[in-house]
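Structure first, commentary second.
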Amino acid sequence: MAGAAFHWYSGDHFEALDLVRKCFPDKKLILSESCLEFGKYDKEDQLINAERLAHDMIGNLNHGMVGFYDWNILLNEEGGPNHTGNFCDAPYLYHRDKKELMQRRCLRYYWHFMHFIRSGAVRLATTRYTDKMDLTAWKNTDGEIVFVLVNGSGQKTKNYLRLAGEVFAIEMEPHSIVSGRIQR
């Protein structure tokens, strides 16, 4: 067995990934589903839903996830079909009557991870001063340092990234996501 796929249905369980990594350090951990159920979250609150997705992605990345795929990339306008009626958000919803493809905000949040963190990247250690911020940082195989930072607070924030004695200030709007590259 090369690894295991996982997904959550309730809360943060990032410590479970730490435990699996500790017990099976040679196995890969792959996220197999990351959608948000509309039964738990408001369908119209795309910003907060995308922010929840980013929090989950960063937590999973920081605790050992090496890849992800989401089988709910395209759902109908309700967030289905679903045999149990727990409709979900997805990067795209398709309105069947209008024959319209609707891009959801979570797609733009996915972009930050897919665009910057490359295959073979190594995760870098990070710390943060509040649980209202989420951060992951990686070193790509070409030596480039990349990061994704989420401000989950309702306040504008000034954040500082410190790397090898240098400090970079990043101002963020409330409930926003930024990503970037640091070339050394």
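Over the Cα atoms of the chain, Rg to Rh with Kirkwood Rh, two decimal places?
0.98
What is the Cα coordinate range of the range 1-104 on the first, second and third principal axes, sorted by size from largest, in whole angstrom?
Over the range 1-104, Cα extents along the principal axes are 50, 27, 23 Å.
Skip the ligands, DNA and RNA, and give the accessible area per residue of the chain with a 1.4 Å probe, whole Å².
Working: 10690 Å² over 184 residues.
Normalised by residue count, the accessible surface of the chain is 58 Å².
So for the chain, taking the charge dipole from beta-carbon charges (+1 Lys/Arg, -1 Asp/Glu), which of 168, 73, 148 sits furthest toward the positive end?
Result: 168.
Can you compute log10 of I(q)/I(0) for the range 44-90 with the Debye formula, treating each Cα as one identical point scatterer, at q = 0.22 Å⁻¹?
Per q value, in the given order, log10 I(q)/I(0) is -0.90.
Please compute the alpha carbon radius of gyration of the range 87-184, then divide it by the globular-protein estimate 2.2 N^0.38 Å. Two decimals is fine.
Scaled against compact globular proteins, the figure is 1.30.
So which trypsin sites (Lys or Arg not before Pro) in the range 86-129 are both in a DSSP loop and have at most 16 other Cβ atoms within 10 Å of their Cβ?
96, 98, 99, 118, 128
Of 16, 3, 30, which is farthest on the positive side of the dipole of the range 1-58, counting Cα position, with +1 on Lys and Arg Cβ, -1 on Asp and Glu Cβ, and the Cα centre as origin?
3
Treating only the Cβ of Lys, Arg, Asp and Glu as charged (+1, +1, -1, -1), what charge dipole size does the chain show about its Cα centre? Round to the nearest 20 debye. List each step's numbers first, then the result.
Working: 23 positive and 24 negative charges, 122 e Å.
Charge dipole, the chain, about its Cα centre: 580 debye, nearest 20.
Quick one: accessible surface of residue 133, probe radius 1.4 Å, all protein chains present, in square angstrom to the nearest 10.
10 Å²
The values are calculated or read from the model by the stated rules, or taken from the named source; none is laboratory data. Small disclaimer: the values here were computed from a predicted structure and weren't measured. Note that we place each Cβ from the backbone using ideal geometry, even for glycine, and neighbour counts take in every protein chain shown. Each accessible area value is taken on the protein alone, full model and side chains, heavy atoms only, with ligands, DNA and RNA left out. Shrake-Rupley method; radii C 1.70, N 1.55, O 1.52, S 1.80 Å.
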